[in-house]
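Chemist: Please find one structure pasted underneath; my questions will follow.
Nothing in this text is a laboratory measurement; each read-out follows from the coordinates by a stated rule. From a predicted model like this one, the values you see are computed outputs, not experimental measurements. Cβ coordinates were reconstructed from backbone atoms using ideal geometry, including for glycine residues, and neighbour counts include every protein chain displayed.
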């Protein structure tokens with residue numbers, strides 16, 4: 001069982017890598033890291049000593065003064081290399097560099113120099129090193145105005161702000177989940193490629209990305225319909241966008257109920273993508289769920305009875321409680337990386353309709369159990 005430590009484990013990529021590794025408890029053990037370790041040689045050495053694999057993600061991406069970025073990023077690598085030498089570590093070290101290495105800016109220069117410093121350490125110490133050169137990364141929970149233009153646009157569009165295109169360039173992109181797969185592949189293969197070029201998985205102009213996000217806002221956020229999704233990239237971009245919406249204010253959403261002397265009619269969902277529709281009854285006091293998905297798009301619609309639906313982002317403690325009543329039919333959609341459940345809190349049987357964008361596959365269920 002490999003012991004893995006991640007510098008920058010609370011950052012954008014670090015969060016996704018940490019939580020994904022946590023899913024493979026029979027294969028990996030996580031060694032916790034805190035940014036303060038860089039200021040304490042004893043704690044940094046203890047961390048390095050404990051690790052079979054160190055994934056170095058800690059870095060500064062943006063600052064008003066480029067010199068600060070350069071000094072910070074190269075300084076962190078120097079401290080890590082010094083610790084590797086002091087402890088005579090034989091850990092497999094992986095660093096996330098950037099395709100900006102070849103650009104004439106101090107961020108790119110800092111990333112390249114950091115990769116080369118660790119490469120030199122590995123050559124001299126006989127260590128194993130993977131120097132990943134990575135394209136633009138996007139995905140859920142990136143910080144707007146910091147991690148990527150996708151994160152910024154997702155935040156602005158979903159919060160009714162006005163995005164501005166500075167340069168309508170062609171972006172080469174990789175989804176954060178795909179990058180995590182590349183890192184895990186390198187760990188499992190004990191890769192020793194000192195300049196490992198990570199290929200992009202999508203390419204789009206900035207204006208094209210913004211147009212898609214604005215479409216998602218109109219169709220999904222405002223009208224409650226699921227938009228047509230025409231590619232794997234659009235699927236990942238849509239899931240990314242959903243995670244920037246303020247679920248505390250967005251959910252639950254009431255349906256439009258049409259009644260007459262015959263009874264009532266409610267439209268559950270307009271969907272531009274295939275999927276699976278299910279129906280369940282739940283007796284009073286019973287809770288279903290307590291699991292999360294990393295790619296699936298899912299809607300719970302309560303049509304009869306009283307329910308409590310709870311959501312919690314993996315790795316956090318805040319629980320969102322949504323009370324639904326079949327007297328006013330409503331739905332809650334499940335963002336990816338949010339564990340969720342539904343409990344019958346009424347005195348009668350609860351009737352729920354579930355829609356999910358892919359049929360259940362026992363071989364690849366994308367269903368990870370964790371109590372809310």
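Chemist: Spin-label point model (7 Å from Cα, Cβ direction): what's the residue 165 to residue 207 distance in nm?
Modeler: 0.4 nm
Chemist: Let me ask something else about it. How much of the calculated P(r) for segment 1-94 lies past 21 Å, in percent of all Cα pairs?
Modeler: The calculated P(r) of segment 1-94 puts 31 percent of pairs beyond 21 Å.
Chemist: Under the definition of Cα pairs under 8 Å and six or more residues apart, what whole-number percent is the relative contact order of segment 58-211?
Modeler: Averaging sequence separation for qualifying contacts and normalising by length gives 22 percent for segment 58-211.
Chemist: A further question on this structure: Work out how far the C-alpha atoms of the chain reach from end to end along every principal axis, then list the three figures in whole Å, largest first.
Modeler: The Cα atoms of the chain stretch 83, 45, 34 Å along their principal axes.
Chemist: Also: Specify the angular offset, from 0 to 90 degrees and rounded to the nearest 10, of the alpha carbon long axis of helix 106-125 from the longest principal axis of the alpha carbons in the chain.
Modeler: 60 degrees
Chemist: What angle, in degrees between 0 and 90 and rounded to the nearest 10, separates the Cα long axis of helix 12-22 from the longest principal axis of the Cα atoms of the chain?
Modeler: Here the helix axis deviates by roughly 80 degrees.
Chemist: For segment 244-262 and segment 79-102, what is the separation of their C-alpha centers, rounded to whole Å?
Modeler: Comparing the Cα centres of segment 244-262 and segment 79-102, I get a distance of 51 Å.
Chemist: Only Cα pairs under 8 Å and at least 6 apart count here; give the relative contact order of the chain as a rounded whole percent.
Modeler: Relative contact order of the chain: 12 percent.
Chemist: Right, here's the next one. Could you compute Rg(Cα) / (2.2 N^0.38 Å) for segment 314-372, with N its residue count?
Modeler: Compactness ratio reported: 1.32.
Chemist: Would you order 337, 368 from fewest to most other beta-carbon atoms within 10 Å of each residue's own beta-carbon?
Modeler: Placing the least packed residue first, the sequence is 368, 337.
Chemist: Take the Cα atoms of segment 156-245, build their convex hull, and give its volume per residue in Å³.
Modeler: Hull volume normalised by residue count: 117 Å³.
Chemist: If you don't mind, another one. What value in Å³ per residue do you get for the convex hull of the alpha-carbon atoms in segment 43-177?
Modeler: Normalising the Cα hull of segment 43-177 by residue number yields 131 Å³.
Chemist: Points 7 angstrom from Cα along the Cβ direction at residue 369 and residue 278: gap in nanometres?
Modeler: Here the modelled spin labels are 1.4 nm apart.
Chemist: Could you state the number of Å between the C-alpha centres of segment 264-300 and segment 221-242?
Modeler: 17 Å
Chemist: Most exposed first by the Cβ proxy, i.e. fewest other Cβ within 10 Å, how do 316, 20 rank?
Modeler: Going from sparsest to densest Cβ surroundings: 316, 20.
Chemist: In degrees between 0 and 90, to the nearest 10, how far off the longest principal axis of the chain does helix 232-242 point, with axes built from Cα atoms?
Modeler: Once rounded, one gets 70 degrees.
Chemist: Considering Cα pairs under 8 angstrom that are at least six residues apart, work out the relative contact order of segment 247-369 and quote it in whole percent.
Modeler: Reported as a whole number, the value is 38 percent.
Chemist: Next question, about the same structure. Under 20 °C and 1.002 mPa s, how fast does segment 247-369 diffuse according to Stokes-Einstein, given a Kirkwood radius computed over C-alpha pairs? Answer in µm²/s, whole number.
Modeler: 142 µm²/s
Chemist: Pick out which of 284, 140, 227 has the largest mean-square fluctuation in a Gaussian network model of the chain, springs linking Cα atoms closer than 10 Å.
Modeler: In the Gaussian network model the winner is 284.
Chemist: Could you state the number of Å between the C-alpha centres of segment 355-369 and segment 159-206?
Modeler: For segment 159-206 versus segment 355-369, the Cα centre distance is 25 Å.
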